[in-house]
Amino acid sequence: MTVNDKPPAIEVQGLDKRFGPIHAVRNVSFSVRHGEVLGFLGPNGAGKSTTMKMITGFLEPTDGTVRVNGHDVMTDPISVKSAIGYLPEGAPAYGEMTVVRFLEFVAEIRGYSGAEKQQRIDRVIDLVHLDGVLEQTVETLSKGFKRRVGVAQALLHDPDVLIMDEPTDGLDPNQKHEVRSLIKEMAENKAIVISTHILEEVDAVCSRAIIIAAGQILFDGTPAELRAQSEKNDYDDAFRTITTRFYASQGEAGQS
């Protein structure tokens, strides 16, 4: 069976999330196959991070279902979490730990020990270029290096599915290039979802893009189809066109 013959790695159906009176995610449905890099785009407060947290099992949906490699996130959370590498917003870590101790801690949680544990750690240190900061505590690292540590822990178990919230946030141009190159290298055999505010990232790494606003999907298509939404053939202009049209229609609906 080839990558494209596999069933979707991620299946989201009718996903809904309410926080009291706030309706953060509204009846969202989409799927992601192995070999796809999905750019999850939207304004601040659009529901991107909330959706990602529900896919990974960190938040319980108010309604709807999420399946990862056929496993339901609510009824089989361990299988889901085993399949996913997750880089959350801000990439929280234990600040008092050194980088190498933190990676050892993550490896142990993932069930690795002995030589295999060391091999996993050495691999991600090399992939994300952490050699020079291994003995520093996480809290003393720059924002960019903290982000790299977050990427390293997400990749440590070589997951089938990657969910990355703003993976290049805080990185300098060279570091962004490295992370984007890494995502492209991994994309052939994995299903990858990245949320981003950086529209150039769609062109750089994504095979597909979704735009979400006010918890609703406004667009789902290829980067070329997204660019075609703009008279200027420009990603930023297409994003503004789609989102401002939506917010204008919501304002009109509220007045009617």
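Some observations on this one:
- Estimated 222 nm signal from helices in the chain, with DSSP H stretches of n ≥ 4 weighted -39500 (n - 2.57), rounded to 500: -12000 deg cm²/dmol
- Computed from backbone phi with θ = phi - 60° and the Karplus coefficients 6.51, -1.76 and 1.60, the 3J(HN,Hα) list for segment 226-243 is 5, 4, 5, 6, 9, 5, 8, 6, 10, 4, 4, 5, 5, 4, 5, 4, 5, 6 Hz; x is used for glycine and proline.
- Stretch gain in nm, segment S82-D220, where the contour uses 0.36 nm per residue and the Cα spacing is subtracted: 46.9 nm
- Where labels lie 7 Å past Cα in the beta-carbon direction, separation of R101 and F19 in nm: 3.2 nm
- Backbone phi angles across segment 134-151, fed through the Karplus curve with coefficients 6.51, -1.76 and 1.60 (θ = phi - 60°), yield HN-Hα couplings of 4, 9, 7, 6, 4, 5, 8, 6, 5, 4, x, 6, 4, 5, 4, 4, x, 5 Hz in residue order; Gly and Pro are listed as x.
- Prolate/oblate/rounded label for segment 20-165 (Cα gyration tensor, a/c 1.5): prolate
- Packing-based ranking, highest mean first, of 30-39, 114-123, 81-90 given that Cβ atoms within 10 Å are counted: 30-39, 81-90, 114-123
- On full extension, the segment bounded by H177 and A228 gains 15.8 nm, given 0.36 nm per residue less the C-alpha separation.
- Radius 13 Å from Cβ of S31, net charge of other residues (Lys, Arg +1; Asp, Glu -1): +1
- Amide H contacts for L162 (H built 1.01 Å from N in the peptide plane; partners 5 or more residues away or on another chain; cut-off under 5 Å): G85, A191, I192, V193.
- Mean Cβ neighbour count within 10 Å, used as a protection proxy, ranking 188-197, 169-178, 215-224 highest first: 188-197, 215-224, 169-178
Each reported figure results from applying straightforward, stated rules to the coordinates on display, with no laboratory input. Quantities reported herein were computed from a predicted structural model and do not represent experimental measurements. Don't worry about glycine lacking a Cβ; one is built from the backbone with ideal geometry, like all the others, and counts go over all protein chains shown.
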